[in-house]
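What follows is a single structure, written as structure tokens, with notes after it.
The values are calculated or read from the model by the stated rules, or taken from the named source; none is laboratory data. Every value quoted in this text rests on a predicted model; they were computed, and no experiment measured them. Note: ideal-geometry Cβ built from the backbone for every residue, glycine included; neighbour counts use all protein chains shown. Side chains are part of the model used for accessible areas, which takes the heavy atoms of the whole protein and leaves out ligands, DNA and RNA. Shrake-Rupley method; radii C 1.70, N 1.55, O 1.52, S 1.80 Å.
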Amino acid sequence: MAKTLVVVESPAKAKTINKYLGNNYVVLASMGHVRDLPKNKLGVDVDEGFRPDYVVIPDRAKVIKELKAAAKSASEIFVATDPDREGEAIGWHLAEELGTKKRKVRRLMFNEITKKAVLEAVANPGEIDMNMVDAQQARRVLDRLVGYKISPLLWDKVRRGLSAGRVQSVALKLICDREREIEAFVAEEYWHVTARLAAALPPEFDARLARKGSAAVKITNEAESKAVLADLAKAPFVVSSVQTKERKKNPVPPFITSKLQQASRFPVKKTMMVAQQLYEGIELPGEDAAIGLITYMRTDSVRVADQALVDAREHIGKVYGAEYLPAKANQYRVKQTAQDAHEAIRPTSMAYPPEAVRAQLTPDQFSLYRLIWNRFIASQMVPATFDETTIEISAGDYLFRAKGSVPKFAGWLAVYGSAKEEAEESERTERPAPKPGIQADGDDEGGSTLLPAVKEGQTLKVKGLTPEQKFTQPPARFNEGSLVKALEENGIGRPSTYASIINVLQSREYVNKTEGRFKATVLGRRLVDTLLHPAFDDILDIEYTARMEDQLDQIEEGTGQFAKVLATFYKKFVKDLKHAEKIMPSFKEGLPTEVVCEKCGAPMVEKAGKFGIFLACSTYPACDSTKEIEAPDPATEEMEEICDNCGKPMILKRGRFGMFLACTGYPECKTTRKVIATKLGVSAAKADQVLDEVCPNCGKNLVVKHGRFGEFTACTGYPECKYVKQQLTGLKCPKDGGDVAERKSRRGKVFYGCVNYPKCDFTLWNKPILETCPSCKRPFLVEKITKRHGRQLLCSNEECGYARSEALDEVTA
């Protein structure tokens, strides 16, 4: 009997759903995206309505083959990819590969991986939403156009490996702008005067000077503070007013993606990874299959399903009591730009409170699950109430103020118990970010303390008057949470992209992360201030980028057209590109500075090197003097890597030659490890893996090592034996039939030669491509990349002369 094929993205999700559906279904994983734009060309037909030209991702060719084989014998085919734009696009790509004219691929949509949700989806299959697909495609095409066109300019003017993504560039500008504000900030002195007072009944309390006459008091130096103290020396302190009122603190909505990223104690990338684990399913005792503990974690909607509200209210009444329940379920306003088909991030069932499943969770999973659980339960409870008292005290022409707050009813705060910090952090995510600029140190006027019972007209005893010098503080650098908050509030990007944006900024070394906060590097600042500005001001403009996001959202809503949105953008973008080619300065030639060379007295210029921007003498090579522009930053952040020698955590550091991992046990333990920067972020190099294979030169074991350019296999006898297993190209030598391998010259230049050298002297300076020459039928072509012609495929037979131009690809963020 033929079975129904269901395709999901991950193996973990496939395993869980397979158990729910039973033997009549086959659930397979696509391992994420199966098709993408090609790497060797633009892949977008600008003249045909920006039609993308997709190809199967090479790493997914085997997966597609297996899926097609399963699809042939399947009675029905369903795609059950994630319920967002990216998931819809993956589902469409799968349908394009697996579907036929006779047999349509249908869509299963569920917001949580529970048996009930999955079975309901199977009973009510739908169609792929092409508006959502077009919205994702528009973003992908737009990012390809920006990255593909700007990055080669940066490679020509600075060095290869740089990129300028559509959203990444605005995020970097926010960080650079904040650094400029910090540098321009001038601290201002101010003083507080605090009176320690006692009434007839305890306790003693502090009151802060607030006004002089009808104006707010402002003390700017020590002399002014002494003058105030002299005025107060003999003044009676009399209670002028006592006001007590009830204050409510309302609960906050359940988490959306960006708020969870801000409230979590983990980096954004790790937060999403742990949330994915909770969503895809945890093995629990007594259950036939893994249980998804939370709903889908990529959402910008605070909507909650009716049944979930009923279950939450029942739980609250049972655990906390009827007085903690509002008359009806709390409803929260959904943002206009939210995809309201989704729900907020919430627990899938009240049957699995955090403590009940703690034994089955890792510490990180438990921490995040408890955070999500508490926020959801609290969101459906009544407000917390406080009795807030304000006492104003007259002292001659001066007015002092003291504030006190006493909890009256815990309300939603009862969920957090003694974990007040968690409640405060959860609430803080809903407040607007503080405006950049001059900020005080956050002292609250009058403070908040326990106050005694007093009456108007009552004279208080002065126990002491304390002047305290303060200084205004510069705006803080962004950490991951505050950067996400700034991106969200400015409408830049979408929650699902924030983790990748942050990773790209770090991996490209545009920013350093010191003590958990981002600081733009010289390279990052030059990219924003000198290279992208002024030619690409639109791409750096926050409002422009936010408007573009809105237009992309309109495609999803069906009110915007894919080709029209892209055409409007591209028309202006092409003009900017031409302008940039003329005015963008070259760091390869050197940017003039006012710094003088200490060796020869000539002016120095800014140049770009392997490890960033540096100063070099303008007379090079006559004078080879160089100088760093900025000192290397100290330790940045702890990573989830353990020292192989002592077992202590390792920390990411930055030296003059880039980033590396160092043991926190230094100086007792001096272990270090390489790190590798990729488009997905910074990660530790893999530990050496000793092989059973032996070295053909000395007989010792070979080892797989990680270097700057990836894995390579070498002899464990290094440095005595310098054997390195060569990287074969797949081409057979036309002279003696031996393998042709990638090699390096004494100067480090890559070339390709026969492994039988020196017996065979066959070499190529250009990379061989296993494609038969259409003209002379030679079994291979060679790849040549130049500034003038870009990427060309040529015949190595000089008598043939065959040549074909190909487009360069670029990695976009």
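Structure notes:
- Test result for G91, surrounded by 14 or more Cβ atoms within 10 Å (Cβ to Cβ) and either at pLDDT 90 or above or out of contact with any His (no Cβ under 6 Å at 6 or more places or on another chain) (or both): yes
- Inside segment 752-795, residues that are open to solvent by 90 Å² or more (accessible area, probe 1.4 Å) and in a loop (DSSP other than H, G, I, E, B) make up a count of 10.
- One residue from T4, T16, T81 being touching a residue at least 40 places away in the same chain (Cβ under 8 Å), in contact with a Phe, Trp or Tyr (Cβ under 7 Å, 6 or more places away or on another chain) and over 30 Å from K571 (Cα atoms): T4
- Subset of segment 153-184 [farther than 15 Å from I501 by Cα, open to solvent by 10 Å² or more (accessible area, probe 1.4 Å) and touching a Ser or Thr at 6+ places or on another chain (Cβ under 8 Å)]: D156, K157
- Scanning segment 372-414 for residues that are in a strand (DSSP E or B) and of a type in the set (G, A, S) yields A384, S394, A395, A402, G404, S405.
- For L28: the one exception among (1) under 25 Å from R346 (Cα atoms); (2) in contact with a Leu (Cβ under 7 Å, 6 or more places away or on another chain); (3) not small (G, A, S): (1)
- Positions within segment 113-152 being open to solvent by 20 Å² or more (accessible area, probe 1.4 Å), outside any helix (DSSP H, G or I) and touching a Phe, Trp or Tyr at 6+ places or on another chain (Cβ under 7 Å), in sequence order: P125, I128
- Pairs linking a residue in segment 788-804 that is without any contact (Cβ under 8 Å) to a residue 40 or more places away in the chain to a residue that is of a type in the set (K, R) and assigned to a strand (DSSP E or B), with Cβ atoms under 7 Å and 6 or more positions apart or on different chains, are Q792/K784; Q792/R804; L793/R804; L794/K784.
- Of the criteria (1) out of contact with any Leu (no Cβ under 9 Å at 6 or more places or on another chain); (2) within 30 Å of E188 (Cα to Cα), which one S241 fails: (2)
- Condition broken by T271, with the remaining ones in (1) assigned to a helix (DSSP H, G or I); (2) touching a Phe, Trp or Tyr at 6+ places or on another chain (Cβ under 9 Å); (3) open to solvent by less than 20 Å² (accessible area, probe 1.4 Å) satisfied: (2)
- Any hit, segment 165-179, residues being of a type in the set (V, I, T), in contact with a helix residue (DSSP H, G or I) (Cβ under 9 Å, 6 or more places away or on another chain) and assigned to a loop (DSSP other than H, G, I, E, B): yes
- If you go through segment 358-376 and keep only what is in contact with a helix residue (DSSP H, G or I) (Cβ under 8 Å, 6 or more places away or on another chain), of a type in the set (A, V, I, L, M) and either over 16 Å from I345 (Cβ atoms) or open to solvent by 10 Å² or more (accessible area, probe 1.4 Å) (or both), you end up with L361, L371.
- For segment 189-210, a residue qualifies if it is open to solvent by 50 Å² or more (accessible area, probe 1.4 Å) and out of contact with any Phe, Trp or Tyr (no Cβ under 7 Å at 6 or more places or on another chain), and the qualifying residues are R196, A200, L201, P202, E204, D206.
- Only listed residue being out of contact with any Ser or Thr (no Cβ under 6 Å at 6 or more places or on another chain), modelled with pLDDT of 90 or more, more than 14 Å from V8 (Cβ to Cβ) and not basic (K, R), chosen from E76, E48, E86: E48
- Scanning segment 345-361 for residues that are out of contact with any Phe, Trp or Tyr (no Cβ under 6 Å at 6 or more places or on another chain) and touching a residue at least 60 places away in the same chain (Cβ under 8 Å) gives T348, S349, Y352, V357, Q360, L361.
- Subset of segment 180-209 (residues that are in a helix (DSSP H, G or I) and out of contact with any helix residue (DSSP H, G or I) (no Cβ under 9 Å at 6 or more places or on another chain)): E181, I182, E183, A184
- Residue satisfying condition, being on the phi < 0 side of the Ramachandran plot, modelled with pLDDT of 95 or more and small (G, A, S), within set A216, A198, A164: A198
- Scanning segment 211-228 for residues that are touching a residue at least 60 places away in the same chain (Cβ under 8 Å), over 46 Å from the mean Cα position of the chain (by Cα) and surrounded by 14 or more Cβ atoms within 10 Å (Cβ to Cβ) yields K212, S225, V228.
- Entirely in segment 673-750, the strands (runs of 3 or more DSSP E) that have 2 or more residues that are at pLDDT below 75: 681-684, 701-707, 710-715
- Selected residue (only one of A351, A312 is within 33 Å of the chain's Cα centre (by Cα), surrounded by fewer than 18 Cβ atoms within 10 Å (Cβ to Cβ) and among the small types (G, A, S)): A351
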